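The values are calculated or read from the model by the stated rules, or taken from the named source; none is laboratory data. Remember, predicted model here, so these are calculated numbers, not experimental data. So basically every Cβ, Gly included, is an ideal-geometry build from the backbone, and we count neighbours across all protein chains shown.
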Amino acid sequence: MPVKHIPQRTCINCRTIRPKRELVRVIRVTENHLEIDPTGKKNGRGAYLCRQRICWDEILENPDRLTDALKMRAPLASDDVTVMRAFAAPLPLRLANGSDAPPKTN
Ligand SMILES: [Zn+2]
């Protein structure tokens, strides 16, 4: 049986490596605008964030890490911040575990 390759990506905030579909892709659409790409299929330079609000809150507090990852030349636009906050709002604050974390035995 061939082993199915599962693409893995790293969250730009917490550096957790997870299967790509467990992360949310954010893409650069212009020099100073980004877009959330829930399907992960749009063209463009992308960066990944966990589906947990803490990573979105933290990256928006320090958006240089996001704009660097996307090679944007301008600071994050305030409407993009609004879109990201709105996307993150319904997410759980923290996921229970990284998917690569060993199961708890106690
Ligand atoms: Zn993360």
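I'd like to know if region 22-40 contains one or more residues that are in contact with a strand residue (DSSP E or B) (Cβ under 6 Å, 6 or more places away or on another chain) and outside any strand (DSSP E or B). The answer is yes, given that some residue of region 22-40 is in contact with a strand residue (DSSP E or B) (Cβ under 6 Å, 6 or more places away or on another chain) and outside any strand (DSSP E or B). Of all the residues in region 52-83, those that are over 19 Å from ARG15 (Cβ atoms) and either within 16 Å of the ligand (Cβ to nearest atom) or touching a Phe, Trp or Tyr at 6+ places or on another chain (Cβ under 8 Å) (or both) number 0.
Among the residues making up region 7-21, those that are farther than 18 Å from ASP68 by Cα and either part of a strand (DSSP E or B) or in contact with a helix residue (DSSP H, G or I) (Cβ under 7 Å, 6 or more places away or on another chain) (or both) are PRO7, GLN8, ILE17, ARG18, PRO19. Contact map, region 37-53: first residue at positive phi, second residue modelled with pLDDT under 95 and within 16 Å of the ligand (Cβ to nearest atom), Cβ cut-off under 8 Å, separation 6 or more or different chains; pairs are GLY40/LYS20; GLY40/ARG21.
The rows are residues; the columns are (1) surrounded by 14 or more Cβ atoms within 10 Å (Cβ to Cβ); (2) within 12 Å of the chain's Cα centre (by Cα); (3) among the aliphatic types (A, V, I, L, M); (4) more than 16 Å from the ligand (Cβ to nearest atom).
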site: PRO2; (1), (2), (3), (4): no, no, no, yes
site: ARG18; (1), (2), (3), (4): yes, yes, no, no
site: VAL24; (1), (2), (3), (4): yes, yes, yes, no
site: LYS41; (1), (2), (3), (4): no, no, no, yes
site: LEU49; (1), (2), (3), (4): yes, yes, yes, no
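Which ones in region 41-70 are more than 23 Å from ALA96 (Cβ to Cβ), assigned to a loop (DSSP other than H, G, I, E, B) and in contact with a strand residue (DSSP E or B) (Cβ under 7 Å, 6 or more places away or on another chain)? Answer for region 41-70, where residues must be more than 23 Å from ALA96 (Cβ to Cβ), assigned to a loop (DSSP other than H, G, I, E, B) and in contact with a strand residue (DSSP E or B) (Cβ under 7 Å, 6 or more places away or on another chain): LYS42, GLY44, ARG45, LEU70. With respect to (1) at pLDDT 95 or above; (2) on the phi < 0 side of the Ramachandran plot; (3) within 11 Å of the chain's Cα centre (by Cα), the lone exception for LEU93 is condition (3). Here LEU34, LEU49 are screened, and the one residue that is touching a Phe, Trp or Tyr at 6+ places or on another chain (Cβ under 7 Å) and under 17 Å from THR82 (Cβ atoms) is LEU49. A residue that is surrounded by 15 or more Cβ atoms within 10 Å (Cβ to Cβ), in contact with a Cys (Cβ under 7 Å, 6 or more places away or on another chain) and assigned to a loop (DSSP other than H, G, I, E, B) occurs nowhere in region 72-90.
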